[in-house]
1. Evaluate the distance, in nm, between pseudo-label points positioned 7 Å from the Cα of residue 39 and of residue 58 along their respective Cα→Cβ axes.
2. Taking the simple approach of a point 7 Å from Cα along Cα-to-Cβ for both residue 23 and residue 10, what is their distance in nm?
3. Mind listing the phi-derived Karplus ³J(HN,Hα) values for the range 119-130, rounded to whole Hz, using 6.51, -1.76 and 1.60 with θ = phi - 60°, and x for any glycine or proline?
4. Putting +1 on Lys and Arg Cβ atoms and -1 on Asp and Glu Cβ atoms, find which of 60, 119, 35 reaches farthest to the positive end of the dipole of the chain.
5. If we sort 82-88, 115-121, 17-23 on the protection proxy, mean other Cβ atoms within 10 Å, highest first, what's the order?
6. May I ask you to evaluate 6.51 cos²θ - 1.76 cosθ + 1.60, the Karplus curve with θ = phi - 60°, for each residue of the range 23-38 and list the ³J(HN,Hα) values in order in whole Hz, giving x for glycine and proline?
7. Taking every pair of Cα atoms in the chain, average 1/r, invert it to obtain the Kirkwood radius, and report Rg/Rh to two decimals.
8. Evaluate the relative contact order of the range 11-130 (contact order divided by residue number), counting alpha-carbon pairs under 8 angstrom at least 6 apart; express in whole percent.
Amino acid sequence: MSDRAVPDPSPASAPFWEATRDRRLVLQWCTDCDQPVQYPRSFCPRCHGSCLDWREASGQGVVHAATVEHRPERMGETEHYAVVLVDLDEGARLMANLVGCEPGEVHVGAPVQVTWEPLEDGRQLPLFELRRG
Ligand SMILES: [Zn+2]
């Protein structure tokens, strides 16, 4: 189970979190200018239209920026983990933890894909991992 902090969903982002129950990454989409809207809101920041839809994303993208955090561990060890800004293939930018690799492996432009961590209430927290090979 995850011990990561999860923000309470606002009404605008509730569909995002509901979709995570099925491990689906969805993006809010403006049907007027055909662009993803991130983060979710009640109108499009580009054209101010309110014709917003939800579309499933591939979950694949590249690292736009990465920060390595140092978190003190219970046993006196320090755990390193990376927080990344990911440019999804669909054009939206998402911030999440990067898991399953050493901090030194992370670099701008690295290909990543979404992975999921179960939460206690059945939702899943989206994380990213490096696409290898
Ligand atoms: Zn728009």
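1. For the pair residue 39/residue 58, the computed spacing is 2.6 nm.
2. The modelled label-to-label distance comes out at 3.0 nm.
3. For the range 119-130, the Karplus curve yields 9, 4, 8, x, 6, 10, 8, x, 10, 10, 9, 5 Hz.
4. Ranked along the dipole, the leading option is 35.
5. Working: 82-88: 19.7, 115-121: 14.0, 17-23: 16.1.
Sorting 82-88, 115-121, 17-23 by mean packing, highest first, produces 82-88, 17-23, 115-121.
6. So the J values, rounded to whole Hz, are 6, 10, 9, 10, 10, 6, 9, 8, 7, 6, 9, 6, 9, x, 10, 9.
7. Working: Rg = 15.8 Å, Rh = 15.8 Å.
Radius of gyration over Kirkwood radius for the chain works out to 1.00.
8. On the way: 248 pairs, mean separation 27.1, N = 120.
Relative contact order comes out at 23 percent.
Coordinate-derived values only; no laboratory data. From a predicted model like this one, the values you see are computed outputs, not experimental measurements. Don't worry about glycine lacking a Cβ; one is built from the backbone with ideal geometry, like all the others, and counts go over all protein chains shown.
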